[in-house]
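Trainee: Below you'll find the structure I mean.
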Amino acid sequence: MPFPVSARVSRTTLAVVPLVAASLVLSACGSSSTKNVAAASSASGAKASTITTPKIAVGFLMVGSKKDYGYNEAVYDGSQAVAKDMPNVNVITADNVPESNAVTTAMDSMVSQGAKVIFASSYGYFQYAEKFAVAHPDVIVLHQGGFQKDAFPANFGTYWGQAFEPVSLGGMAAGGTTKTNKLGYVYAFPIPQTIANIDAFQLGAQAVNPKAQTYLVNTSSWCDPVKQSQAAAALLSQGVDVLTQHQDCQGTVINAAKKAGKYVVGYHYDAQSLDPSGWLTGSAWNWAPIYKKIIAAAAGGTFKGSPYNANWVGDFAHDDNPLTLASIGSSVSADLKAKITAEQTALKQPGASVFKGPIVCQDGTVLYAAGVTPTYDQINSINCLVKGVVGTLPKS
Amino acid sequence: MSLTSEPGAETETPVTRDDLTVEFDSPTMVEERPAVVTTGESLADRIRLTDWHRTGVTVGAYVAALAAFGILAAVKGANPFTVYHSMLNSTFADTGSIQQTFLRSIPIVLAALAVAVPARAGLVNVGGEGQIILGAVAATGVGVAIGSHVPGPLSWLAMGLAGAAAGAVWAGIAGVLRSTLNANESVTTLLLNFIANDIMLYLIYQPWKDPNGSGQPQSKPLDHHAILPKLFGSSLNLGLIIAAVVAIGVWYLLQRTGWGFALRVVGGNPEAARRAGLPVKPLLISSMVVGGALAGLGGALNLAGVETQLRPGTTITFGYIAFLASYLGRHNPAKVVVASVVFSAIALSGNGLQISNGLDGQIVNVLLGLIVLAPLILAKHGKRSA
Amino acid sequence: MNGVEQALMFGVDSGTAILLPSLGEMVGQRAGVINLGTEGCMLAGALSSFIVASETGSIATGVVAGLVAGMLCGLLHGWLTVRRGADQLASGLVVWFLALGVTSVFGSGYTDRIVTGLDPIAIPGLSKIPWAGPILFDHDILVYVGYALVPLTWYALWRTRIGLSVRAAGERPEVVATAGGRPQLIQMSAVAIGAGLSGIGGAQLSLSLGNWTNNMTAGYGFVAVAVVLFAAWRPLGVLAGSYLFGVALATASVLQAHGVGVNQYLLDAMPYLITLTALVLLARRGAQQAPEALVRALTHAA
C-alpha cells in the first residue's frame, strides 16, 4: 500500500528543522560513525581516487553486526570506502536490523535524515525494500542478493555477484589439500545462492581430487555461534579436515578449525589473519566498486533504466564480480595454487562456467547434459545437490 | 532417569520439609498474601494518583532512569540531549513517526493485556511471545488458505479469530497444566515460547515456504484483500481500532463483570475463593485462555496489518517487552496500555539512535530495563497488591 | 567414534553451559529466589570473560571476570527482589533486558575477535576408558568444574551449616530470623553466588567458542531456570536435565554430519518439549519439593 506522498513530504519537512539542529550538535560533540568517516576521508582524501557527485545522503542497512568478520563487515567496509572516496556522499549506516517491519522503520529514519539512496543488504530484506521503493518513488532502493522476477519500479534494483565462481576456487583449494577427502560445509539456509555455492564448492574440489566429498550441516541461522561450533565439531569428528561455511559470521567456524589443527576456507571476508596456518583461501566481498557506480548513477540522475535498475550480477567474465578470491594461505601447495589461478583465468573466458555440463545430481539425475552451459537464472534456481555432496537439503 | 538415587534424597535433615511445610491456608500464608481487593481497583488507583508524594517519587524515578541512560549514552560518546531529542524525533515528533509508534504498539498492547488478565487471577503469563507467534502463524495459515476467495472483512475476521484461538490454546495449555497438575505457569509459558518459535520456523522453512520466494524462509504473502485496510491514507491500519476496542473490552471485563471480580478474588486468595464456592480451576484456566487470545490476536493483527507475510524473527521480544509494560502498569488495563505505547516507542527509537547518534540500536533495551528498574529502586513494592 | 558417542560428547560440552547456570540457579531457588535474569547474567559473564581474556590473553582471568560479572548481575536481582520486595519474575526480565542492552553496546567492539586457549584437556588414564572415556574426559576445564560442582553443591547445601541456612531461608525466612539469622543476607548471597555460576556458564560459552556475538546465549539461561524445576531442586536432576538438553541440541548437527536428513526445526523444539514434559510429569512431586518461599514468591508474583 503506497504511502501518501503528501503525508511523507509534510513529515520530512517537520523533521528537517530539529534534525538540522540535532546534526549540528552532533557534529560538535562528534560521536557518530559518519563523523569518524568524514575525518578519515579528509585525512586520506588526497591519495584516493575521489569521485565527485552532487551532495547526496546514502543509507546502508545490515542485518548483523558491522564487525562480524563476515558478510556485514564487508558491507560496512564498502560503505566506508564510499564515504572516503565520495566526499559529497553522506553515509548513514544501521546494523543489527532484524528482518521484519523494523527494516521499514529503519529506512524511514534514514529518509528523514535525508537519504536518497538506500542499500538494503540482507537477503531477507527483499520484500521490505521493494515495498519501500514503491511507497517512496523519490528514494532509490537497492537490494543486495535478491532477484526480482517481476517488472522493476523505476527506483529499485538488485545487485549481486556470481558467488559460486570464487567459491568453486575455494573448493579446489579444499579438495587439493584434504588428506581425508572429506570436506565440511556449515550453512545457514537452503536458499538458492547457498545451494549453488555448495555445489560449486564440491565441483571445484572434485576437479582436483575426484575422491573429495562435501559433508553438509545446516544451522538455520545467519549467525548462531553455538550451532556453528556444534556443526563444526560434528563434521570434524567425521574425519573432515577442511571446513567452509555460509553464515554471516565466520569466527566460530574458523576457530573450530584452528583448534583442531585443520584447514578452513572462508566466505564473505578475508580472515586469513585469524588463522594464518589453517587458512587455505576463501571468498571475500569487495562491494565498494558497485556501490560507487550505483551511487554515482543515482546522484547523477541516470539510475532509471540503467543496469542497476534491474538484477545486476557481476561475474568473472566481466571482471566485476563483487565476490573475489581471498588471499591464498601458505598451506596451499604451489602446484595447487597454480591450478587455482589458471582456473580463475579460465572462468574469465566467455562461455566458461562453473556449472558447465555434465553436472549430475546426488540421485544420479542429470542436471545439465555434457556441453550445456546454464544461465545465471538457471543456476540461481538449482534445487539439487551434486554428486559428491553428502547430506540432504531440508525439503521445500 | 532416576532421581531417587540422588545424594541427599533420603537424608534431608535436619531441616525436614514436614517441619516447615505449612498448610496453604495457615495464618502466616494469609498474612503474607495481598489483601483481597473488594473495592473497585479504579477507585483505589484514583486515590493513589492524588497522592502527590507518590507521584513525585514516581516521576523522580523516571527522570533518574533517563539520566542513567543519558550517562550510558555519554560513555559511548553520544551527547545525551541529542540522544533524547532523536528518540523523541523518531517516535513522537511528527505524524509519520507517531504512526509508526502506534503501529508497533498494536501487538505489544494486546500482549501486555494478555499478562494483565491472568495476573488478576494471580497467574503469571510470560508466554506472550509464543502466543503472539502462534497468533501470527494461525492468521497466516487461514489468510493464505482463504486467498482471495472471500471479501476482505470476512478474511480479516477469520484471521483475527484464528490468531486469537491459537494464542488461547497455547496459553490454555499452561492454564490447564497449572490448575490440574500444579505445573508452574510462569515456567511452562516461558518454555512454550521456544516451542512456538520452532513450530513457526518449521512451517516457514518447509511446508509453508513460499514457492515464489526464491528459497527465502517465509510463507506465501497474504492476498491484498486479506491485508488490513489502512486508515484515512495513513500508515495506520484497522488493527489499531480493533486493538483499541479490545483494550476497552478488557477493561470492562476486568472492572465491570462478575468474571473480572471473581478473577480478583481468586488472585487474592484462592483458598478463600474456593470456600466461597467460586469455580477456581475454570477461572484460572479462563484467565489464561483470554490472555492468550489477546496476545494471539495481537500477533494476527501485526501479521495482517504490518508484516503481511510470516518470516522468522518478526516478533523478536515483543512478548517480553509487553510483560514488563504490564508489570509497570501494575496490570491495570489503562496504565498497561499507556506503558505499552511508551515501551513501543522506546523499542522503536533504537533506529533513530543508531542512525543519528551512532549508538548501538540495542541500547534501548537498557532504557526499557531502567524504566522498570527505577520505581523498584525508589519505591518499595513489597506488600502491595497490584 | 560413532554418532551416538559424538552426540553424547558434544552434549556434555553444550550441556555444561546449561549445567553451571542451572546449578547456580538451584542454589538461588533453594534460597527462595527465582532468577529469569540468569539469561542476562550469562550474557554478562560471556562478554566480560571474553573482553578480559581477549585483552589480557589469560583465560583464567577471563573466567574470574565472568564470575564477577555474573555475581554483580545476581546482586542486582537479589537486591531488587530481597531488599526491595520486587516481583521476582519482573525483576529477572529487567535484569535480562539490561544485560542484553549493555552487552550489545559494550560487546560491539569485540565481535571481530577470536580468543583461544580454553581447549579440551584429555585426562590421562580416564580418557582412555573404553567408550565413556572420550565422551566424559576429553573436555575443557570448565566441563570438569561442572562435574565437580554437582557433588560440591550437594555437600554445601545438605551437609554444611551454611547450606542449612540457605535452605531454611528458602523455606521459612521468618524462622531463620527468629533464630537470629539474617535471611535476607543469606538469600542475596545465594542469588549472587548462583548468578556467579551463570557468569561462568556464559564464560564457557564465549571462551570455548572463542567468539562473542550479540545475544549469544539465545535462551540457554531460560532453559537453565527450567531445568531446576525439571530437576525438582536436586543436583543430580540438574545434571541429568542439563546434559539431556545438551545432547538434544547436539543431535541435529551430528545426524546431519552423518548424512541423515533431519527436520532441524522440530528437533530444535525437542529439548524444550522434553523439559516441558518432564516438568509436567514431575509437577506434583515438584510442588511438594519446592522451597516454600519460592512457591510464595511465584504465586504472589502477580
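Derivation of every value follows stated rules applied to the coordinates shown; laboratory data play no part. Note that the structure is predicted; figures quoted are calculated from it, not measured. We place every Cβ from the backbone using ideal geometry, glycine too, and count neighbours over all the protein chains shown.
Trainee: Which listed residue (C:235, C:181, C:151) has the Cα farthest towards the positive end of the charge dipole for the stretch C:150-302, taking +1 on Lys and Arg C-beta and -1 on Asp and Glu C-beta about the Cα centre?
Mentor: C:181
Trainee: Right, here's the next one. Dipole magnitude of the stretch B:104-228 about its Cα centre, charges +1 at Lys/Arg Cβ and -1 at Asp/Glu Cβ only, in debye to the nearest 20?
Mentor: 140
Trainee: May I pose another question? Need the full-extension length gain, residue C:128 to residue C:5, defined as separation in residues times 0.36 nm minus the C-alpha distance. One decimal, nm.
Mentor: 42.9 nm
Trainee: On to the next question. Quick query: amide H of residue B:358 versus all other amide H atoms, modeled in the peptide plane; which residues come in under 5 Å with a sequence gap of 5 or more or a different chain?
Mentor: Answer set, sorted by chain and number: A:33.
Trainee: What does a probe at residue A:381 reach in the stretch A:178-219, counting residues whose amide N is under 14 Å from the point 7 Å along Cα→Cβ?
Mentor: The answer is A:192-193.
Trainee: Among the listed pairs A:292/B:209; A:84/A:304; A:67/A:227; A:227/B:220, give every one whose C-alpha distance is greater than 24 Å.
Mentor: A:292/B:209; A:84/A:304; A:227/B:220
Trainee: Report, in debye and to the nearest 20, how large the dipole of the protein assembly as shown comes out about its Cα centre when Lys and Arg carry +1 and Asp and Glu carry -1 on their Cβ.
Mentor: Taking the Cα centre of the protein assembly as shown as origin, the dipole is about 1420 debye.
Trainee: Same structure again: Putting +1 on Lys and Arg Cβ atoms and -1 on Asp and Glu Cβ atoms, find which of B:323, C:111, B:232 reaches farthest to the positive end of the dipole of the protein assembly as shown.
Mentor: B:232
Trainee: Enumerate the calculated ³J(HN,Hα) couplings along the stretch B:127-135 in order (Karplus 6.51 cos²θ - 1.76 cosθ + 1.60, θ = phi - 60°), each rounded to whole Hz, writing x wherever the residue is Gly or Pro.
Mentor: My calculation for the stretch B:127-135 gives x, x, 4, x, 5, 4, 4, 5, x Hz in order.
Trainee: Are there DSSP H segments in chain A that both extend 24 Å or more along their axis (alpha-carbon positions) and score a mean Kyte-Doolittle hydropathy of at least -0.5? List them, or say none.
Mentor: Span-like helices, by this rule, are A:5-29, A:192-208.
Trainee: How large is the helix-only mean residue ellipticity at 222 nm for the protein assembly as shown, computed as the sum of -39500 (n - 2.57) over DSSP H runs with n ≥ 4, divided by its residue count, in deg cm²/dmol to the nearest 500?
Mentor: -19000 deg cm²/dmol
Trainee: Here's a follow-up. For B:261, B:102, B:343, A:156, which order do you get if you count the other beta carbons within 10 Å of each Cβ and list the fewest first?
Mentor: B:261, B:102, A:156, B:343
Trainee: Determine the shape class of the stretch C:85-124: with a ≥ b ≥ c the square roots of the Cα gyration tensor eigenvalues, call it rounded for a/c under 1.5, and otherwise prolate if a/b is greater than b/c, oblate otherwise.
Mentor: Taking the square roots of the gyration eigenvalues as a ≥ b ≥ c, the stretch C:85-124 is oblate.
Trainee: Over what distance in Å are the Cα centres of the stretch C:13-90 and the stretch B:116-180 separated?
Mentor: Result: 34 Å between the Cα centres.
Trainee: Once you've got the GNM for chain A with C-alpha springs shorter than 10 Å, pick whichever of A:236, A:325, A:183 has the biggest mean-square fluctuation.
Mentor: Checking each option, the largest mean-square fluctuation is seen for A:236.
Trainee: Short version: ³J(HN,Hα) in whole Hz for each residue of the stretch C:16-25, in order, from phi by Karplus 6.51 cos²θ - 1.76 cosθ + 1.60 (θ = phi - 60°), x for Gly and Pro, what are they?
Mentor: So the Karplus estimates, Gly and Pro as x, are 5, 5, 9, 4, 4, x, 6, 4, x, 5 Hz.
Trainee: Next question, about the same structure. Taking a ≥ b ≥ c as the square roots of the Cα gyration tensor eigenvalues, with a/c under 1.5 meaning rounded and otherwise prolate when a/b beats b/c, else oblate, which class fits the stretch A:215-283?
Mentor: oblate
Trainee: Using a Förster distance of 45 Å, how high is the FRET efficiency between residue A:327 and residue C:260, based on the Cβ-Cβ distance and rounded to 0.05?
Mentor: 0.80
Trainee: Place a point 7 Å from Cα of residue A:180 in the direction of its Cβ. Which residues in the stretch A:279-299 have their backbone N less than 20 Å from it?
Mentor: Label zone hits: A:279-281.
Trainee: May I ask for the net charge around residue A:155, where only other residues with Cβ less than 9 Å from the Cβ of residue A:155 are counted and Lys, Arg are +1 while Asp, Glu are -1?
Mentor: 0
Trainee: Taking other Cβ within 10 Å of each residue's Cβ, how do C:233, C:79, B:52, B:259 sort, fewest first?
Mentor: Ranked by crowding around the Cβ, least crowded first: B:52, B:259, C:79, C:233.
Trainee: Modelled label-to-label distance, residue C:175 and residue B:75, 7 Å Cα→beta-carbon offset: nm?
Mentor: Each label point is offset 7 Å from its Cα along the Cβ direction, giving 4.2 nm.
Trainee: Mind sorting C:73, A:223, C:41 by how few other Cβ atoms lie within 10 Å of their own Cβ, fewest first?
Mentor: With the sparsest Cβ surroundings first, the list reads A:223, C:73, C:41.
Trainee: On C-alpha positions alone, give me the angle between the axis of helix C:141-159 and the longest principal axis of chain C, in degrees, nearest 10.
Mentor: Rounded to the nearest ten degrees, it is 30.
Trainee: Considering amide H positions built from the backbone, and no H for Pro or chain starts, which residues 5 or more places from residue A:60, or on another chain, come under 5 Å of its amide H?
Mentor: The answer is A:92, A:93, A:94, A:119.
Trainee: Treat each spin label as a single point 7 Å out from the Cα along the C-beta direction, and report the residue C:147 to residue B:334 distance in nm.
Mentor: Placing both labels 7 Å beyond Cα along the Cβ direction yields 6.3 nm.
Trainee: Using the C-alpha atoms of the protein assembly as shown, what convex hull volume per residue, in cubic angstrom, is computed?
Mentor: In the protein assembly as shown, the Cα convex hull volume per residue is 165 Å³.
Trainee: Also: Taking amide H positions as placed 1.01 Å from N in the peptide plane, with prolines and chain starts having none, which residues 5 or more places from residue A:324, or on another chain, fall under 5 Å of its amide H?
Mentor: So residue A:324 has HN proximity to A:284, A:285, A:286.
Trainee: Please list, in order, the residues from the stretch C:85-122 whose amide nitrogen is less than 19 Å from a point placed 7 Å along the Cα→Cβ vector of residue C:56.
Mentor: Those under the cut-off are C:107, C:110, C:114-119.
Trainee: Still on this structure, I have one more. Tell me, what ³J(HN,Hα) does each residue in the stretch B:104-112 have, in order and in whole Hz, if you take phi through Karplus 6.51 cos²θ - 1.76 cosθ + 1.60 with θ = phi - 60° and put x for Gly and Pro?
Mentor: For the stretch B:104-112, the Karplus curve yields 5, 6, 3, x, 6, 4, 5, 5, 6 Hz.
Trainee: Filter A:259/A:356; A:258/A:339; A:66/A:387; A:259/C:128 down to the pairs with a C-alpha to C-alpha distance above 28 Å, please.
Mentor: A:259/A:356; A:66/A:387
Trainee: In addition: Going by the alpha-carbon gyration tensor, a ≥ b ≥ c the square roots of its eigenvalues, is the stretch A:279-394 rounded (a/c under 1.5) or, if a/c is not under 1.5, prolate (a/b greater than b/c) versus oblate?
Mentor: oblate
Trainee: Could you give me D for the stretch B:221-280, from Stokes-Einstein at 4 °C and 1.567 mPa s, where the hydrodynamic radius is the Kirkwood radius over C-alpha pairs? Units µm² s⁻¹, please.
Mentor: Calculated translational D: 90 µm²/s.
Trainee: With the crude spin-label approximation of a point 7 Å out along Cα→Cβ, what separation in nm comes out for residue B:275 versus residue C:161?
Mentor: So the label points at residue B:275 and residue C:161 sit 4.1 nm apart.
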